[in-house]
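Accompanying notes for the structure given below.
The values are calculated or read from the model by the stated rules, or taken from the named source; none is laboratory data. Note that the structure is predicted; figures quoted are calculated from it, not measured. No Cβ is skipped: glycine too gets one built from the backbone with ideal geometry, and neighbour counts run over all protein chains shown. Only protein heavy atoms, including side chains, enter the accessible area calculation; ligands, DNA and RNA are left aside. Shrake-Rupley method; radii C 1.70, N 1.55, O 1.52, S 1.80 Å.
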Amino acid sequence: MRLEEAVGLARALDLKVVGAEVARFTAFRPSTLLGEGTVDKWKAFIAAEHVEVTVIDGPLSPIQQRNLERAWNCKVIDRTGLILEIFAARARTAEGRLQVELAQLMYQRSRLVRTWTHLERQRGGFGFLAGPGESQLESDRRQLGDRIVQLKRELEDVRRTRGLHRKARQRVPYPVVALVGYTNAGKSTLFNRLVEGRVLAADMLFATLDPTMRALKLPSGRQVILSDTVGFISDLPTDLVAAFRATLEEVQGADVVLHVRDVAHPDSEAQRRDVMAVLGDLGVGGQAVDGKPAQPVIEVLNKADLLSATERDILVNHAARDAGQILVSALDGEGCDHLLQRLDERLAAAREVLDVTVGPADGASLAWLYRHGEVLTRKDDEKGAHLRVSLDPADRARFEHRQAGRG
Ligand SMILES: Nc1nc2c(ncn2[C@@H]2O[C@H](COP(=O)(O)OP(=O)(O)O)[C@@H](O)[C@H]2O)c(=O)[nH]1
Ligand SMILES: [Mg+2]
């Protein structure tokens with residue numbers, strides 16, 4: 001399972017995985033971590049397959065990393081390095097990006113320190129032997145330190161102005177549906193399955209900007225943006241927790257959250273609790289925050305195709321009694337149409353009814369309301385059109401923002 005997760009993480013970075021194996025080692029090797037036989041075996045494989053990156057799913061010291069890179073003649077990264085790469089590629093908000101950069105710098109700094117201690121030990125503590133190597137490290141370390149201080153300051157600024165994110169959200173033209181869940185739960189497979197054949201022209205915009213966002217049309221004709229997120233990772237190194245949470249910040253702005261679960265996974269229940277706890281901390285799902293109702297969370301019970309008949313019956317029964325759960329298989333498509341319908345219902349249920357007057361000269365606003373909402377009643381007079389409309393909360397906020405911009 002752990003190996004599968006590591007492969008999943010590598011795939012999240014769009015790396016093509018050509019080989020994966022659990023290495024057992026009997027003795028601790030400070031120089032290369034792995035035993036000589038293992039290093040040689042992989043050296044042949046790496047050369048034959050033209051491997052460009054090797055991931056060691058555990059911590060590597062800088063020395064071990066360098067020695068393995070030399071032995072294998074390819075880039076070698078460890079678990080923390082890999083996770084940081086994923087976060088860096090996926091952080092979307094300003095805060096997320098800063099938080100990830102901060103974690104990266106701290107990681108680099110810890111490695112510099114370790115290299116330095118190592119050199120010092122070799123020198124046996126004779127200060128006068130300090131060579132150019134040391135001063136280079138010293139200055140690298142100082143530069144990193146300066147940048148870290150600066151980043152922390154920027155982060156505070158960003159946090160102070162966090163309310164501005166809401167404005168950014170109002171600019172998104174459709175309700176946002178975010179996929180969350182553990183790595184390997186099947187988020188990306190479901191993402192691709194759901195958008196299959198339903199990609200919109202407007203999607204071109206997102207396709208070029210960001211492959212993890214897609215516009216799609218629900219059965220009712222309602223358009224939404226589906227957003228894949230960074231997955232939860234088991235045994236996340238503690239230094240990376242803040243960076244991980246920052247990558248989930250976009251979920252706070254979502255209109256509906258799809259919590260994708262691998263129900264065939266032995267730790268499925270524990271994973272569910274982890275995800276719900278973190279979402280709760282972020283103010284997603286559960287109770288209303290600041291008078292704003294928390295967005296609905298739909299639990300997507302994925303990998304139905306892997307269940308035994310008995311397990312399946314149990315979950316089918318559960319899901320039948322709970323509108324918040326749906327059994328699907330992203331792999332064979334089972335339940336996916338049902339899921340899209342459920343999404344439609346959730347978005348419709350959240351609709352708000354409001355009364356607005358649109359001036360006679362404001363044809364654009366009128367057209368906007370007809371396009372995004374459902375006009376329930378309309379009366380026209382010399383002041384303009386008086387409408388009663390039902391709108392998604394997200395659209396209502398966008399409409400108000402739009403009107404404020406005009407006023
Ligand atoms: N059997 C089965 N495998 C699935 C299903 N959904 C995803 N997978 C597999 O699970 C692995 C992880 O899927 P992926 O979508 O990358 O997970 P993510 O990390 O949550 O994005 C891949 O090997 C998928 O082929 C499913 O419904 N059934
Ligand atoms: Mg994925």
State the extension gain, in nm to one decimal, for the chain segment bounded by LYS43 and SER110, taking 0.36 nm per residue of separation less the distance between their alpha-carbons. 21.3 nm
Given the options GLY37, GLY333, GLY81, which has the most mean-square fluctuation in a GNM of the chain, springs set between C-alpha atoms less than 10 angstrom apart? GLY37
Working from Cα positions, state the angle (0 to 90°, nearest 10) between the long axis of helix 94-123 and the longest principal axis of the chain. 10
Would you mind getting me the FRET efficiency between GLU334 and LEU236? Use the beta-carbon distance for r and R0 = 35 Å, nearest 0.05. 0.65
Relative contact order (percent) for the chain, with alpha-carbon contacts under 8 angstrom and 6 or more residues of separation? 12
Using +1 on the beta carbon of Lys and Arg, -1 on that of Asp and Glu, and nothing else charged, what's the dipole of the range 263-407 about the Cα centre, debye to 20? 540
On Cα atoms only, tilt of 2-12 relative to the major axis of the chain in degrees: 60
Which one, ARG66, ARG79, ARG214, has the greatest fluctuation when you compute a Gaussian network model over the chain with C-alpha springs under 10 angstrom? ARG66
For the chain, the accessible surface attributable to carbon and sulfur atoms (probe 1.4 angstrom, ligands and nucleic acids excluded) amounts in percent to 53
Tell me the relative contact order for the range 265-407 as a rounded percent, counting alpha carbon contacts under 8 Å between residues six or more apart. 15
Using the alpha-carbon centroid of each, what span in Å lies between the range 352-407 and the range 9-27? 54
Can you work out the accessible area per residue across the range 226-355, with the rest of the protein chains kept in place, probe 1.4 Å, in square angstrom? 45
With r as the distance between the Cβ atoms of SER268 and ASP380 and R0 = 56 Å, compute the FRET efficiency 1/(1 + (r/R0)^6) and round to 0.05. 0.50
Taking the chain as a Gaussian network, where each spring joins two C-alpha atoms under 10 Å apart, which residue of LYS379, LYS217, LYS187 fluctuates the most? LYS379
Taking Cα atoms, the helix 363-372 axis meets the longest principal axis of the chain at an angle in degrees (rounded to 10) of 70
What value, in deg cm²/dmol to 500, does the helix sum -39500 (n - 2.57) over DSSP H runs of n ≥ 4 give at 222 nm once divided by the residues of the chain? -16000 deg cm²/dmol
How would the range 220-340 be classified by its alpha-carbon gyration tensor: rounded, prolate or oblate, with rounded meaning a/c under 1.5 and the a/b versus b/c comparison settling the rest? oblate
Under the Karplus curve 6.51 cos²θ - 1.76 cosθ + 1.60, θ = phi - 60°, whole-Hz ³J(HN,Hα) for the range 269-274, x wherever Gly or Pro sits: 5, 5, 5, 4, 4, 4
What is the calculated FRET efficiency for ARG66 to ALA309, with r their C-beta to C-beta distance and R₀ = 45 Å, to the nearest 0.05? 0.30
Using only the C-alpha atoms of the chain, find the volume of their convex hull and express it per residue in Å³. 183
Nothing charged except the Cβ atoms of Lys and Arg (+1) and of Asp and Glu (-1): what's the magnitude of the dipole of the chain about its Cα centre? Round to the nearest 20 debye. 920
